[in-house]
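As structure tokens, the structure follows; a few thoughts come after it.
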Amino acid sequence: MTDFTVLVLPGSFAASVAVTLDVLQAAATLAPRLKLARPNWRVLSPSGGAVPLSSGMRLDTAALPRRQRADTSTWIIPGLGLDNAQAVTAGLAGADAQRAIQAITAHAARGGRVAASCSAVFLLQAAGLLAGRRVTTSWWMAAELRRLEPRCNVDADRMVCADGPVSTAGAAFAQTDLMLHLLRTRFGAGLADAVGRILLIDGRQAQAPFVLPAMLSNGNELVARLMARIESALPQPPSVEALAGEFAMSQRTLSRRVREATGRSTLALVQSVRLNRARMLIESSRMSIEQVAGQVGYEDATALRRLMRKSAGANPSRYRRTQAGSP
């Protein structure tokens, strides 16, 4: 019995593919020592043969069978290496992607489980698997996923979302978190935890600590101007009402346009800019947390700590402890 089917498309992000296979190989090596079941897997592609990946790498694969039969394996699709809406549209229109979408649709229709990270989540959307589900993807692509499938709940702050037979993960290296989740689900916490310790990886819960507000604009001129205005005003950021007035539109219109571009509210955009500045100050200066809080407009360090825990799942001191060269 095959436990996992790794479906690789031409041009896929090489690191995402590699971490998938390396985690599985580590699990297969460790399982006998722990007296646990050993996972097995197969690697497929739409056409088979040596599939080109990003960075000039290639991977030998078997072809998707022309006549699919029900199987109990979890299908895993690593990141496709597509980093914007236009690239996703073009990539999913190709013959290989269309073949993969058909196969994924058929697998799911037979009750099969599927998992994808980063831009590969859009394959699941094209296969009609995301409606009514809670999902995630790369945080800068969340708004596009919401636009394509408004019936799903895109939680871009999460690293991994599991909803029924569908598991999704954030940006490309969230594939490590997805793989630990899949091992834990199928083989138990013991094997997943052992793999995490051996490879020095852990199941991170949130993408929020890695969000760069500058990338939230995703080419949107209004959002870029808003963020520049908020940044320049710190430590006294303008209110949402003031921003709407400055940009000559109602608060409702401003909120709609910001949400369309970023998937976030205007207030959340303001908070992202403030928290990013706070994180940079903590990482790059000797300021106390109280001083940093003042620099970004919070009344005290307690408020900053509370918001950082809520958005990033960690206290501000975490960033200082992980700063390169910190004592």
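For this structure, a couple of remarks:
- Accessible surface of the chain, 1.4 Å probe, proportion on carbon and sulfur as whole %: 51 percent
- Isotropic mean projected area of the C-alpha convex hull, the chain (nm²): 18.3 nm²
- For residue 109 and residue 251, a Förster radius of 35 Å and the Cβ-Cβ distance give a FRET efficiency of 0.20, rounded to the nearest 0.05.
- Using the Cβ of residue 244 as centre and a radius below 15 Å, the other residues enclosed give a net charge of +4, where K and R count +1 and D and E count -1.
- Between residue 70 and residue 95, the contour length at 0.36 nm per residue exceeds the Cα-Cα span by 6.7 nm.
- DSSP loop trypsin sites (Lys or Arg not before Pro) with at most 14 other Cβ within 10 Å excluded, longest remaining stretch of the chain: 152-285
- Nearest 10 degrees, 0 to 90: helix 175-187 Cα axis against the chain principal axis: 50 degrees
- Positive minus negative residues near residue 132 (Lys, Arg vs Asp, Glu; Cβ under 15 Å): +1
- Over all Cα atoms in the stretch 1-158, the spread is summed up by Rg and Dmax: 15.6, 48 Å.
- The length gained on full extension between residue 36 and residue 301, counted as 0.36 nm times the residue separation minus their Cα-Cα distance, comes to 90.7 nm.
- For the chain, the longest principal axis of the alpha carbon atoms and the long axis of helix 189-199 meet at an angle near 70°.
- Segment residue 153-residue 2, length gained on full extension (0.36 nm per residue, minus Cα span): 51.3 nm
- Theoretical FRET efficiency, 1/(1+(r/R0)^6), r = Cβ-Cβ of residue 193 and residue 239, R0 35 Å, to 0.05: 0.15
- Seen against the Cα atoms of the chain and their longest principal axis, helix 301-312 is set at about 20 degrees.
- Kirkwood radius for the stretch 68-153, taken over all pairs of different Cα atoms as the inverse mean of 1/r, rounds to 13.0 Å.
- Between residue 134 and 153, the built amide H atoms are under 5 Å apart, and every one of these is 5 or more places off in sequence or on another chain.
- Accessible area per residue in Å² at 1.4 Å probe, computed on the stretch 76-205: 38 Å²
- Each residue of the stretch 29-43 is assigned a 3J(HN,Hα), and the resulting list reads 6, 7, 3, x, 5, 8, 6, 10, 4, 9, x, 10, 8, 10, 10 Hz, derived from the Karplus form 6.51 cos²θ - 1.76 cosθ + 1.60 (θ = phi - 60°), x at Gly and Pro.
The values are calculated or read from the model by the stated rules, or taken from the named source; none is laboratory data. Quick caveat, the model's predicted, so the values are computed rather than measured. Positions of Cβ are backbone-derived with ideal geometry, glycine not excepted, and every protein chain shown enters the neighbour counts. Accessible surface is based on the protein model in full, side chains and every heavy atom, while ligands, DNA and RNA are left aside. Shrake-Rupley method; radii C 1.70, N 1.55, O 1.52, S 1.80 Å.
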